[in-house]
């Protein structure tokens with residue numbers, strides 16, 4: 001009996017967010033489907049999932065950063081920069097292999113993340129400030145390298161645009177890339193020493209240091225990883241929408257942070273799960289997809305999205321309080 | 001090592017070195033440097049009228065900087081201010097255009113909407129302490145702008161009364177009206193932070209929230225007041241911004257929140273809370289404002305301005321730490 005209730009308590013603590021989110025997603029989907037049966041069609045679902053792929057990729061990186069009690073506001077600018085640099089390269093030599101294009105974007109992202117790392121780790125600038133500064137700087141740089149022009153579909157090679165549009169075994173490339181990254185991140189976070197060190201640094205940097213973890217090394221790597229994800233996502237974004245502009249993905253960092261927060265990643269650091277983040281991004285993706293389907297005017301979308309985030313975090317607080325209250329009550333007996 | 005007298009009284013004795021090594025003096029130096037730089041690159045800069053009227057271009061955002069100092073001093077953050085500006089301006093426009101209220105009433109409504117938005121933030125943040133303020137204001141940021149979009153769609157509003165233009169374009173003598181208002185507001189906020197019990201309590205909460213709770217400070221009430229004040233000042237910024245633009249749209253004031261935070265941090269207020277001064281933030285407003293103005297005078301593209309300001313923010317905050325990380329011992333002593 002004792003063990004069972006204990007296990008139940010642990011289950012509630014660890015998985016309540018995921019269960020709640022899943023229920024919420026199901027409820028929203030069913031409600032939307034009743035209004036418009038097209039929602040559950042294969043075409044719509046696959047569209048929706050491939051639209052969510054980029055968000056969910058970025059959410060992995062952001063989750064890792066937030067676990068270390070940091071934050072990265074610069075990712076949208078990094079995406080724009082890497083997308084622009086890649087698009088310009090493709091424009092200059094059409095024959096460039098798509099793989100190489102991805103690598104270029106990745107390299108730009110790593111570089112951007114590395115610079116931020118130096119400021120955060122070496123000069124101990126608060127992450128929110130460092131990334132706020134470089135958000136401006138990278139955005140400016142994007143305009144600068146492109147001379148405020150934009151690269152349209154006419155100037156891109158077909159192979160490049162196929163990165164995001166092609167399919168393997170009937171599944172969109174974006175979805176496959178996202179799935180691979182999730183598997184990789186799952187292994188990395190849960191089964192490698194370094195992954196566990198990230199959680200350790202996030203929950204208590206001091207004790208992590210005392211127990212022999214090189215916290216600087218961990219932090220440095222985390223921002224570089226985030227940069228790499230943003231760089232990759234930038235290329236995917238440009239390939240998907242077939243245009244690279246100065247204001248690509250402007251303000252997208254807030255969506256990514258919202259996905260993490262919905263998924264139960266605590267901004268205080270130390271906690272967060274990939275399953276939660278995936279569900280969080282899916283929920284945002286469903287909202288984006290479903291609202292137009294049920295004829296909600298596009299002008300209502302961001303108000304609804306904001307309200308849902310707020311309701312979700314508040315109801316989570318209520319739930320947590322109840323669990324805590326119950327655990328306390330059990331202890332008193 | 002602190003001197004013996006300092007240890008006993010707990011007060012540091014005056015030293016010129018320490019006095020001039022303060023962040024604010026560095027800011028003053030930076031301000032002078034920016035002015036010299038401006039004067040060097042453009043012969044048109046050193047003209048009193050030019051300098052004064054250039055302040056019209058950036059001071060609307062600065063009204064948010066003042067309360068943001070308080071928010072960040074608490075160790076918290078409010079990123080919904082830009083959206084609050086948009087919402088209150090849009091509501092004002094609608095009331096004036098559609099309901100034909102008198103202009104003064106529309107202005108009051110604008111301020112009230114701003115304060116309400118802030119109050120709503122504050123209530124949620126105080127009531128649900130578990131949620132980080134960043135998350136609360138992130139969702140209200142999306143929500144407020146969303147409501148503004150619902151109200152006005154993709155149109156623009158506001159054929160405001162002629163006198164309304166005076167707010168951003170008018171002069172009192174040779175001094176722009178907005179500069180006068182900002183000066184008054186800055187003095188009030190400075191006094192509030194440095195000369196009242198309220199201000200001392202804000203410092204206390206920022207330094208150690210739990211300790212200040214146990215010493216009887218009503219944390220909830222203070223936070224509520226500060227968030228409401230932030231919303232109210234966003235309403236003020238909305239007035240000046242819509243007066244300058246002559247219209248209201250749902251996408252106005254995007255990025256104002258991050259600009260304001262950048263200026264506050266550049267002004268030496270610690271993002272973790274509890275440290276900094278109002279004067280620093282005010283100097284930072286003018287540094288960035290004049291820098292933008294000067295770069296604009298020589299037709300520097302706005303892209304470069306973005307880069308310069310971003311780097312300025314990152315480097316200026318890094319600067320004191322570069323020196324510090326040289327001697328490890330000093331770091332631990334200060335920590």
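Can you tell me which residue among A:263, A:231 is surrounded by 24 or more Cβ atoms within 10 Å (Cβ to Cβ), at negative phi and either over 15 Å from the mean Cα position of the chain (by Cα) or modelled with pLDDT of 90 or more (or both)?
The conditions single out A:231.
Is there a residue being more than 8 Å from chain A (Cβ to nearest Cβ), assigned to a helix (DSSP H, G or I) and in contact (Cβ under 8 Å) with a residue 24 or more places away in the chain anywhere in region B:301-309?
Looking for residues that are more than 8 Å from chain A (Cβ to nearest Cβ), assigned to a helix (DSSP H, G or I) and in contact (Cβ under 8 Å) with a residue 24 or more places away in the chain, one finds none in region B:301-309, hence no.
What do you reckon, is residue A:81 closer than 17 Å to residue A:173 by Cβ, surrounded by 17 or more Cβ atoms within 10 Å (Cβ to Cβ) and in contact (Cβ under 8 Å) with a residue 60 or more places away in the chain?
For residue A:81, the condition - closer than 17 Å to residue A:173 by Cβ, surrounded by 17 or more Cβ atoms within 10 Å (Cβ to Cβ) and in contact (Cβ under 8 Å) with a residue 60 or more places away in the chain - is not met.
Mind checking which helices (runs of 4 or more DSSP H) fall wholly inside region B:165-263 and carry at least 2 residues that are more than 30 Å from residue B:312 (Cα to Cα)?
On the way: elements: B:166-169, B:177-194, B:197-207, B:209-214, B:219-245.
Per the criteria, B:166-169, B:197-207, B:209-214, B:219-245.
Given (1) out of contact with any helix residue (DSSP H, G or I) (no Cβ under 6 Å at 6 or more places or on another chain); (2) in a loop (DSSP other than H, G, I, E, B), identify the lone condition not met by residue B:75.
Of the numbered conditions (1) out of contact with any helix residue (DSSP H, G or I) (no Cβ under 6 Å at 6 or more places or on another chain); (2) in a loop (DSSP other than H, G, I, E, B), the odd one out for residue B:75 is (1).
Only one of these is touching a helix residue (DSSP H, G or I) at 6+ places or on another chain (Cβ under 9 Å) and at pLDDT 85 or above: B:322, B:298, B:309, B:261. Name it.
Details: B:322 fails: at pLDDT 85 or above; B:298 fails: at pLDDT 85 or above; B:309 fails: at pLDDT 85 or above.
None of the other options fit; the residue is B:261.
Any residue at all in region B:235-246 that is modelled with pLDDT under 90, on the phi > 0 side of the Ramachandran plot and surrounded by fewer than 18 Cβ atoms within 10 Å (Cβ to Cβ)?
Looking through region B:235-246, at least one residue is modelled with pLDDT under 90, on the phi > 0 side of the Ramachandran plot and surrounded by fewer than 18 Cβ atoms within 10 Å (Cβ to Cβ).
Only residues that are within 18 Å of the chain's Cα centre (by Cα) and closer than 19 Å to residue A:144 by Cα: list them for region A:82-109, please.
A:82, A:83, A:105, A:109
Looking only at helices (runs of 4 or more DSSP H) that lie completely in region A:153-268, which have at least 3 residues being in contact (Cβ under 8 Å) with a residue 60 or more places away in the chain and within 14 Å of chain B (Cβ to nearest Cβ)?
Qualifying helices (runs of 4 or more DSSP H): A:252-262.
Is it the case that residue B:138 is within 11 Å of chain A (Cβ to nearest Cβ), closer than 26 Å to residue B:278 by Cα, modelled with pLDDT under 90 and assigned to a helix (DSSP H, G or I)? If you could, list the steps in order and put the result at the bottom.
Values: within 11 Å of chain A (Cβ to nearest Cβ): yes; closer than 26 Å to residue B:278 by Cα: yes; modelled with pLDDT under 90: yes; assigned to a helix (DSSP H, G or I): yes.
Considered against the rule, which asks whether it is within 11 Å of chain A (Cβ to nearest Cβ), closer than 26 Å to residue B:278 by Cα, modelled with pLDDT under 90 and assigned to a helix (DSSP H, G or I), residue B:138 comes out as yes.
For residues that are in a helix (DSSP H, G or I) and more than 22 Å from residue B:133 (Cα to Cα), scanning just region A:121-134, find the one that is modelled with the lowest pLDDT.
A:122
Which of the residues that make up region B:264-283 are away from chain A (no Cβ under 11 Å), within 23 Å of residue B:132 (Cα to Cα) and at pLDDT 90 or above?
Matches in region B:264-283: none.
Regarding residue B:330, is this residue at pLDDT 85 or above, away from chain A (no Cβ under 12 Å) and over 13 Å from the mean Cα position of the chain (by Cα)? I'd like the intermediate steps shown before the answer.
On the way: at pLDDT 85 or above: no; away from chain A (no Cβ under 12 Å): yes; over 13 Å from the mean Cα position of the chain (by Cα): yes.
So residue B:330 does not fit the description; no.
It is to be established whether one or more residues within region B:48-70 are without any contact (Cβ under 8 Å) to a residue 24 or more places away in the chain and in a loop (DSSP other than H, G, I, E, B).
No, region B:48-70 contains no residue that is without any contact (Cβ under 8 Å) to a residue 24 or more places away in the chain and in a loop (DSSP other than H, G, I, E, B).
Of the residues A:100, A:58, A:106, A:45, which is part of a helix (DSSP H, G or I), buried (at least 24 other Cβ atoms within 10 Å of the Cβ) and either modelled with pLDDT under 85 or out of contact with any strand residue (DSSP E or B) (no Cβ under 8 Å at 6 or more places or on another chain) (or both)? Write out each step before concluding.
On the way: A:100 fails: buried (at least 24 other Cβ atoms within 10 Å of the Cβ); A:106 fails: buried (at least 24 other Cβ atoms within 10 Å of the Cβ); A:45 fails: buried (at least 24 other Cβ atoms within 10 Å of the Cβ).
Testing whether each residue is part of a helix (DSSP H, G or I), buried (at least 24 other Cβ atoms within 10 Å of the Cβ) and either modelled with pLDDT under 85 or out of contact with any strand residue (DSSP E or B) (no Cβ under 8 Å at 6 or more places or on another chain) (or both) leaves just A:58.
Might you let me know whether region A:136-145 holds any residue that is in contact with a helix residue (DSSP H, G or I) (Cβ under 9 Å, 6 or more places away or on another chain) and more than 9 Å from chain B (Cβ to nearest Cβ)?
Yes, region A:136-145 contains at least one residue that is in contact with a helix residue (DSSP H, G or I) (Cβ under 9 Å, 6 or more places away or on another chain) and more than 9 Å from chain B (Cβ to nearest Cβ).
Which of the residues belonging to region B:142-153 are touching a residue at least 24 places away in the same chain (Cβ under 8 Å), surrounded by fewer than 23 Cβ atoms within 10 Å (Cβ to Cβ) and facing chain A (nearest Cβ under 7 Å)?
Within region B:142-153, B:153 is the sole residue that qualifies.
How many residues does region B:35-60 contain that are crowded, with 19+ Cβ neighbours inside 10 Å and at pLDDT below 80?
Matching residues across region B:35-60 total 2.
Name every residue in region A:61-70 that is outside any helix (DSSP H, G or I) and either away from chain B (no Cβ under 13 Å) or surrounded by fewer than 24 Cβ atoms within 10 Å (Cβ to Cβ) (or both), in order of residue number.
Across region A:61-70, the qualifying residues are A:68, A:69.
Which condition does residue A:299 not pass, out of (1) surrounded by fewer than 24 Cβ atoms within 10 Å (Cβ to Cβ); (2) part of a helix (DSSP H, G or I); (3) touching a residue at least 60 places away in the same chain (Cβ under 8 Å), if it passes all the others?
Status for residue A:299: all satisfied but (3).
Find the residue count for region B:78-135, including only residues that are part of a helix (DSSP H, G or I) and without any contact (Cβ under 8 Å) to a residue 12 or more places away in the chain.
Qualifying residue count, region B:78-135: 5.
Do we have residue A:313 as part of a helix (DSSP H, G or I), at pLDDT below 85 and buried (at least 22 other Cβ atoms within 10 Å of the Cβ) here?
Answer is yes for this residue.
State whether the residues of region B:157-168 include one that is free of Cβ contacts under 8 Å to residues at least 40 places away in the same chain and either more than 21 Å from residue B:72 (Cα to Cα) or within 24 Å of the chain's Cα centre (by Cα) (or both).
Yes, some residue in region B:157-168 is free of Cβ contacts under 8 Å to residues at least 40 places away in the same chain and either more than 21 Å from residue B:72 (Cα to Cα) or within 24 Å of the chain's Cα centre (by Cα) (or both).
Which residues, counting only those in region A:115-135, are in contact with a helix residue (DSSP H, G or I) (Cβ under 6 Å, 6 or more places away or on another chain), more than 18 Å from residue B:308 (Cβ to Cβ) and at the interface with chain B (Cβ under 7 Å from one of its Cβ atoms)?
If the condition is that a residue be in contact with a helix residue (DSSP H, G or I) (Cβ under 6 Å, 6 or more places away or on another chain), more than 18 Å from residue B:308 (Cβ to Cβ) and at the interface with chain B (Cβ under 7 Å from one of its Cβ atoms), then A:123, A:124 are the ones that fit.
The values are calculated or read from the model by the stated rules, or taken from the named source; none is laboratory data. As the structure is a prediction and not an experimental result, all values here were calculated from the model. Ideal geometry is used to build each Cβ from the backbone, glycine not excepted, and the neighbour counts take in all protein chains shown.
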